[in-house]
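Trainee: What follows is a single structure, and I will ask about it in a moment.
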C-alpha cells in the first residue's frame with residue numbers, strides 16, 4: 001500500500017518568509033508525528049497528533065512553528081518568519097492504532113532558508 | 001532526559017562479513033526500541049521494533065537484541081551485502097522517539 005508522502009520534496013525560501021510543509025499519513029493510521037533532521041542536532045521530535053486528542057507540542061523549538069491536522073488525516077507544518085537555522089530536513093511519520101507505536105516515515109522535505 | 005548513543009559512528013567492512021552495530025541509552029524505562037536504516041537523501045525505513053517486554057526480534061538477515069538492564073541494544077547483520085550500505089539509526093520511546101546519531105555502514109564488494 002501507499003506509504004507516508006510529503007510535499008514538497010525540496011523548498012528554498014528567503015529568510016523571513018513563511019513556509020508550509022504537508023504530510024499525508026498512511027491511510028488508517030491514527031497517530032502522526034513531525035521530526036526535524038539537521039546536521040548539528042541529528043533527528044529531533046517536534047510534535048505528535050493522536051486521534052482527536054490535543055497534540056503534544058513539546059518539541060517545537062519556538063512559537064514560529066505550528067502544525068495542524070485536518071480531519072484526522074493530512075497534516076501541515078507551518079514555519080513563520082523563517083530563519084537560516086530552520087534549514088533542515090523535516091520528516092513526517094505515522095503509526096497505526098494500538099500499543100506498538102511502530103513509526104513509518106515519509107521521504108522528508110528538505111528546507112533551505114537563504 | 002533520555003540520551004541515545006551509537007558506536008561506532010562509521011564502519012566499513014568487506015562483503016560477506018557478519019557485523020554488529022551498537023546502541024546504548026541512559027534511561028532503562030523505555031517503551032520501544034526501533035532500528036531504522038536511512039539511505040542518502042531518503043527518509044527512514046523501519047527495520048525492527050522491539051517492545052520493552054521483548055528481548056529480541058529477527059527479520060531475514062537482521063537480528064536485534066534488547067537488554068534494558070544494561071541500557072543496550074545490538075543490531076546483528078549476517079552475511080553483509082553492498083546493498084546494506086546505509087546509515088543505521090536506533091531510537092527509543094513510544095510516541096516521542098529519541099534518536100542516536102547513527103552508524104554509517106559501508107559494505108565493500
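The values are calculated or read from the model by the stated rules, or taken from the named source; none is laboratory data. Note that the structure is predicted; figures quoted are calculated from it, not measured. A quick note on method: Cβ atoms are made from the backbone with ideal geometry, for glycine too, and the neighbour counts reach across all protein chains shown.
Trainee: For residue B:32, work out the one condition from (1) more than 13 Å from the chain's Cα centre (by Cα); (2) at pLDDT below 95 it doesn't fulfil.
Mentor: (1)
Trainee: Related question: Please specify each residue of segment A:79-91 satisfying the condition of being under 16 Å from residue A:33 (Cβ atoms) and away from every other protein chain (no Cβ under 13 Å).
Mentor: A:88
Trainee: Considering only residues that are in contact with a strand residue (DSSP E or B) (Cβ under 7 Å, 6 or more places away or on another chain), at pLDDT 95 or above and more than 13 Å from residue A:76 (Cα to Cα), which ones fall in segment A:1-25?
Mentor: Answer for segment A:1-25, where residues must be in contact with a strand residue (DSSP E or B) (Cβ under 7 Å, 6 or more places away or on another chain), at pLDDT 95 or above and more than 13 Å from residue A:76 (Cα to Cα): A:4, A:9, A:10, A:11, A:12, A:13, A:15.
Trainee: Please go through segment B:6-53 and pick out each residue that is exposed (fewer than 15 other Cβ atoms within 10 Å of the Cβ), under 20 Å from residue B:94 (Cβ atoms) and away from every other protein chain (no Cβ under 11 Å).
Mentor: B:26, B:27, B:28, B:29
Trainee: Quick one: in segment A:9-28, of everything that is away from chain B (no Cβ under 14 Å) and part of a loop (DSSP other than H, G, I, E, B), which residue is farthest from residue A:82 (Cα to Cα)?
Mentor: Of everything passing the filter in segment A:9-28, A:28 is farthest from residue A:82 (Cα to Cα).
Trainee: Still on this structure, please answer the following. Report those strands (runs of 3 or more DSSP E) wholly inside segment B:37-87 carrying at least 3 residues which are free of Cβ contacts under 8 Å to residues at least 24 places away in the same chain.
Mentor: It comes to B:44-51, B:56-59, B:62-67.
Trainee: Can you go through A:73, A:53, A:94, A:62 and tell me which one is assigned to a loop (DSSP other than H, G, I, E, B) and within 14 Å of another protein chain (Cβ to nearest Cβ)?
Mentor: Only one candidate passes the filter, namely A:53.
Trainee: Also, I was wondering about something else. If you go through segment B:91-109, how many residues are more than 7 Å from chain A (Cβ to nearest Cβ) and either farther than 16 Å from residue A:47 by Cβ or surrounded by 21 or more Cβ atoms within 10 Å (Cβ to Cβ) (or both)?
Mentor: 11
Trainee: Scanning segment A:33-50 for residues that are in a strand (DSSP E or B) and more than 10 Å from every other protein chain (Cβ to nearest Cβ), which turns out surrounded by the most Cβ atoms within 10 Å (Cβ to Cβ)?
Mentor: Across segment A:33-50, the extreme among qualifying residues is A:34.
Trainee: Cβ-Cβ distance below 7 Å, separation of 6 or more or different chains: which pairs start in segment B:1-27 with a residue that is on the phi > 0 side of the Ramachandran plot and end on one that is surrounded by 15 or more Cβ atoms within 10 Å (Cβ to Cβ)?
Mentor: From segment B:1-27, the pairs are B:16/B:80.
Trainee: State the number of residues belonging to segment A:99-114 that are part of a loop (DSSP other than H, G, I, E, B) and within 11 Å of chain B (Cβ to nearest Cβ).
Mentor: Adding up the residues that qualify gives 8.
Trainee: Any residue that is closer than 21 Å to residue A:4 by Cα and away from chain A (no Cβ under 11 Å) - is there at least one of those in segment B:68-82?
Mentor: No; the residues of segment B:68-82 include none that is closer than 21 Å to residue A:4 by Cα and away from chain A (no Cβ under 11 Å).
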